Amino acid sequence: MYTQGLDQKTKTSDKPGPLEGPEQLAEFQARVDAEEKIEAKDWMPEAYRRTLVRQISQHAHSEIIGMQPEGNWLTRAPSLKRKAILLAKVQDEAGHGLYLYSAGETLGVSRDQMVADLLAGRAKYSSIFNYPTLTWADIGAIGWLVDGAAIMNQIPLCRCSYGPYARAMVRICKEESFHQRQGFEIMLELSKGTDAQKEMAQDAFNRWWWPSLMMFGPGDKDSKHSAQSMAWKIKRFSNDELRQKFVDVTVPQAQFLGLRVPDDDLHYNDETGHYDFGEIDWQEFLDVLAGNGPCNRQRMAQRTRAHEDGQWVRDAARAYAARQRAKAA
Ligand code: BYC
């Protein structure tokens, strides 16, 4: 049974709670259908709460783990200006993680519990962050493609039925769109540069294109949560719909950069008005999810080490809070 992030009271049961009669469920669905926002103190089906805890916490973990591949280039950015920009971006990702943990906490699960679930391997984070950043062009490719895919997925989440998540996403999306432009600008600069710089941009594009398409999750026929999440208006578009939108906007950008999309089957379909693209290697996706991507172990080891190194900060904050409470008493 899936128990990620659930408190002791609820984690032993997958059954509907005592108030979850057909009338309550119908009333809840009617509110969702009427586009009312569900707020933290409102009644909600236990499965709705669990779905949100799963998605929001995994999203938060992705932001935090996502700092690692980019952080790898902070000391080697090609100029002071690039270093300052990258530092600001990485700090933004930390901020996104924190807003999202806060949104998760409104559902009755503590941040400590969510982090414990990540470190124990009970919670996932995005597959994309298990790939290495080998050259400076990877920083451009991440901003352009990974943040580009993230925006495509996250703009609809600003209209998610759960108010605290939707509101957190508004600010996150504003920052992500800046990140996407920052990445595109790095790629543009490289694509106007020397042959070696152009090759570096193409090489990064080749390595990040397919993993970026995988970010949207399994194809619709294999997406076990999509139907329910769409009925609850947590998700507004299916994984395949968002993936297609991403391909449609990104291919012309690649052409503008003079880069070749690493997909021999890619072509514009006049009838549908969309780009058709080749088969995604779903085995690679499953391998990464199973912990066997190129950097899974490294990412988790580094996160665990950072968490342990931060113990003294948490202890000090707790001791300070206890002293303040004692003073006030
Ligand atoms: N990686 O039924 P499905 C970012 C899992 S961007 C790993 O379709 P759902 C950032 C899925 O969790 C990245 N796991 O699920 C950008 C489920 O497993 P569980 C984070 C994945 O939830 C730039 C199973 O596969 N964005 O943070 O309906 C810089 C079946 O999938 C992935 C978000 O989290 C994947 N790519 O749809 C820094 C956005 N795809 O949970 C940071 C919010 C699927 O049953 N999340 N799985 O064990 C979502 O929109 C949805 O959760 C997803 C998946 C579209 C990702």
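Return yes when Ile38 is within 19 Å of the chain's Cα centre (by Cα) and open to solvent by less than 40 Å² (accessible area, probe 1.4 Å) and no when it is not.
Values: within 19 Å of the chain's Cα centre (by Cα): no; open to solvent by less than 40 Å² (accessible area, probe 1.4 Å): yes.
In short, no.
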Being open to solvent by less than 60 Å² (accessible area, probe 1.4 Å), over 20 Å from the mean Cα position of the chain (by Cα), within 16 Å of the ligand (Cβ to nearest atom) and aliphatic (A, V, I, L, M), is that true of even one residue in the stretch 222-243? yes
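Give the residue, chosen from Pro218, Pro211, that is within 15 Å of the ligand (Cβ to nearest atom), under 22 Å from the mean Cα position of the chain (by Cα) and over 30 Å from Gly163 (Cβ atoms). Break it down into steps so the answer makes sense when it comes.
Numbers: Pro218 fails: over 30 Å from Gly163 (Cβ atoms).
Within the list Pro218, Pro211, the selection yields Pro211.
Which is touching a residue at least 40 places away in the same chain (Cβ under 8 Å), surrounded by fewer than 23 Cβ atoms within 10 Å (Cβ to Cβ) and either more than 25 Å from Asp42 (Cβ to Cβ) or within 13 Å of the ligand (Cβ to nearest atom) (or both), of Thr133, Thr106? Break it down into steps so the answer makes sense when it comes.
Numbers: Thr106 fails: either more than 25 Å from Asp42 (Cβ to Cβ) or within 13 Å of the ligand (Cβ to nearest atom) (or both).
Going through Thr133, Thr106 in turn, just one is touching a residue at least 40 places away in the same chain (Cβ under 8 Å), surrounded by fewer than 23 Cβ atoms within 10 Å (Cβ to Cβ) and either more than 25 Å from Asp42 (Cβ to Cβ) or within 13 Å of the ligand (Cβ to nearest atom) (or both): Thr133.
Out of Ile151, Ile172, report the one residue that is within 12 Å of the ligand (Cβ to nearest atom), farther than 21 Å from Gln253 by Cα and under 13 Å from the mean Cα position of the chain (by Cα). Give the derivation first.
Working: Ile151 fails: farther than 21 Å from Gln253 by Cα.
Sole residue among the options that is within 12 Å of the ligand (Cβ to nearest atom), farther than 21 Å from Gln253 by Cα and under 13 Å from the mean Cα position of the chain (by Cα): Ile172.
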Residue among Ala88, Ala94, Ala47 that is within 16 Å of the ligand (Cβ to nearest atom), surrounded by fewer than 21 Cβ atoms within 10 Å (Cβ to Cβ) and farther than 25 Å from Arg303 by Cα: Ala47
Quick one: how many residues across the stretch 263-301 are loosely packed, with under 10 Cβ neighbours inside 10 Å and under 30 Å from Arg122 (Cα atoms)? 3
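The values are calculated or read from the model by the stated rules, or taken from the named source; none is laboratory data. None of these values were measured; they are calculated from a predicted model. Note: ideal-geometry Cβ built from the backbone for every residue, glycine included; neighbour counts use all protein chains shown. Accessible surface is based on the protein model in full, side chains and every heavy atom, while ligands, DNA and RNA are left aside. Shrake-Rupley method; radii C 1.70, N 1.55, O 1.52, S 1.80 Å.
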